[in-house]
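Here the structure comes first, spelled out in structure tokens, and everything after it is commentary.
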Amino acid sequence: MIYYIYKLKKVLIEWQVIQMSITSDILRGHTEAIILASLLEHDSYGYQINKEIMQKTNNSYELKEATLYSAFRRLEQAGYITTYWGDENVGARRRYYSITAKGRAAYTTYKKEWGEAKDMIDKLLI
Amino acid sequence: MDTKIREYINEMFVDAPKTKKALEMKEEMIANAEEKFNDMITEGYQEEDAFAVVIHSIGNVEELFQELKKRDGSMRLYSEEELSLQQKKARYTAIAVGLYIFAGAVFFTFQIVAESLNYAFDIGMIGFVITALICIVPTVMLVYVSQLAPKYRKNEDTMVEEYKEWKSGNNRYKEIRRAVSCIIWTLAIMLYFLVSFTTMAWYITWVIFLIAACAESIVQLVFSMKR
């Protein structure tokens, strides 16, 4: 019985994913800003960032790991985030990221530009 | 099941460049994947399903490897084989140089002996021949060492790197050719003196050099056929 519930759950998620195909394309372009946003309050690591994104979007959007990692590298190269290894005593080591002042400035600019883009598209699409 | 994730990701990284950055990325991936897996188990998913979802969520890492291949500051981690290869090369080169010095010493020893004693046959010449024979060993070693050199591995998949790779392969051919030429001419000179002093037929023994030139051409032919 429980097995069928899980199967149903999976089918529902797949269906949702199909609905989201356009949205996920748009969202993927903003991966870096999304990551910076989740680092504003506190440092975090890969899986935790992804988990927060899933929670905030009610489980409808999840970043592919490959997308996440390439975004991390780009952000690091641009100097927007720094990284350090955690000292876990159980399990594999976690790689933590923290946002820099430069990153915060970039994020503020980004948010403003996104707001302007959003307004323009809203005006154009009646 | 925990080790299965680590094994799978290790397998995935088999073709990745062996740099520090790549290793760190692998470590990070494993940590995130294992935590995701454990969370799903806690939520009640079956092990196989959780594993499948975790693997699927990693997505296509090929592009990641492309980015990692681009030259960055981190040093290339040399594999164990490459390090022992370097040691081997150094060892053989040192022995070769030692043998050359030894050959020189032998030659002069024979010269001294030839001066002091006075036998029927020419000790000095014998010394020369023995020296030349000894020299064969270090020369062979050096040729072997130059063959051992690891091929230039390209850092990126670009035309520039491919050209450098081709050029290094080309250089090895040239080195071998030069070594072989060296051997041929040394042998020629040696034979010339040997035969001339024994037969005293200086008016004809110079033909040996023509034969040497012929041998050179044959060697060149063989090499170009191999290419």
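The values are calculated or read from the model by the stated rules, or taken from the named source; none is laboratory data. All values reported here derive from a predicted model rather than from experimental measurement. In this analysis, Cβ positions are derived from the backbone assuming ideal geometry, glycine residues included, and neighbour counts consider all displayed protein chains.
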Margin query: I need a count of the residues in region A:43-85 that are more than 9 Å from every other protein chain (Cβ to nearest Cβ), under 16 Å from B:GLU35 (Cα atoms) and in contact with a strand residue (DSSP E or B) (Cβ under 7 Å, 6 or more places away or on another chain).
Written below: 1
Margin query: Of everything in region A:101-126, what is farther than 21 Å from A:LEU36 by Cβ and either in contact (Cβ under 8 Å) with a residue 60 or more places away in the chain or in a helix (DSSP H, G or I) (or both)? Give them in sequence order.
Written below: A:ASP119, A:MET120, A:ILE121, A:ASP122, A:LYS123, A:LEU124
Item checked: Looking only at region A:14-33, and only at residues there that are surrounded by 14 or more Cβ atoms within 10 Å (Cβ to Cβ) and closer than 29 Å to B:GLY44 by Cα, the one that is modelled with the lowest pLDDT -> A:MET20
Next item on the list: Please specify each residue of region B:1-57 satisfying the condition of being touching a residue at least 24 places away in the same chain (Cβ under 8 Å), out of contact with any helix residue (DSSP H, G or I) (no Cβ under 9 Å at 6 or more places or on another chain) and assigned to a helix (DSSP H, G or I).
Entry: B:LYS20
Next item on the list: Test each condition in (1) within 24 Å of A:ASP25 (Cα to Cα); (2) at the interface with another protein chain (Cβ under 8 Å from one of its Cβ atoms) for A:GLY91 and report the one that comes out false.
Entry: (1)
Notebook entry, point to check: Pick from region B:184-227 the residues that are touching a Ser or Thr at 6+ places or on another chain (Cβ under 7 Å) and aromatic (Phe, Trp, Tyr): which of them is modelled with the highest pLDDT?
Noted result: B:TYR192
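Can you tell which of B:GLU80, B:GLU27, B:GLU62 is facing another protein chain (nearest Cβ under 9 Å), at pLDDT below 85 and either surrounded by fewer than 19 Cβ atoms within 10 Å (Cβ to Cβ) or in contact with a Leu (Cβ under 9 Å, 6 or more places away or on another chain) (or both)?
Going through B:GLU80, B:GLU27, B:GLU62 in turn, the sole match is B:GLU62.
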Check: Which residues, counting only those in region B:5-24, are of a type outside the set (Phe, Trp, Tyr), within 24 Å of A:MET54 (Cβ to Cβ) and more than 12 Å from chain A (Cβ to nearest Cβ)?
Finding: none
Next item on the list: Taking the residues in region B:1-24 that are surrounded by 12 or more Cβ atoms within 10 Å (Cβ to Cβ), under 16 Å from B:ILE55 (Cα atoms) and β-branched (Val, Ile, Thr) as candidates, determine which candidate is nearest to the chain's Cα centre (by Cα).
Entry: B:ILE9
Note to self: I'd like to know if region A:43-60 contains one or more residues that are over 20 Å from B:SER57 (Cα atoms), of a type in the set (A, V, I, L, M, F, W, C) and in a helix (DSSP H, G or I).
What the structure shows: no
Next item on the list: Could you identify the single residue in A:ARG73, A:ARG95 that is within 17 Å of B:MET29 (Cα to Cα), among the basic types (Lys, Arg), modelled with pLDDT of 90 or more and out of contact with any Cys (no Cβ under 7 Å at 6 or more places or on another chain)?
Entry: A:ARG95
Checklist line | Criterion violated by A:LEU75 - all others in (1) touching a Lys or Arg at 6+ places or on another chain (Cβ under 9 Å); (2) crowded, with 19+ Cβ neighbours inside 10 Å; (3) within 30 Å of B:ALA52 (Cα to Cα) satisfied | finding: (1)
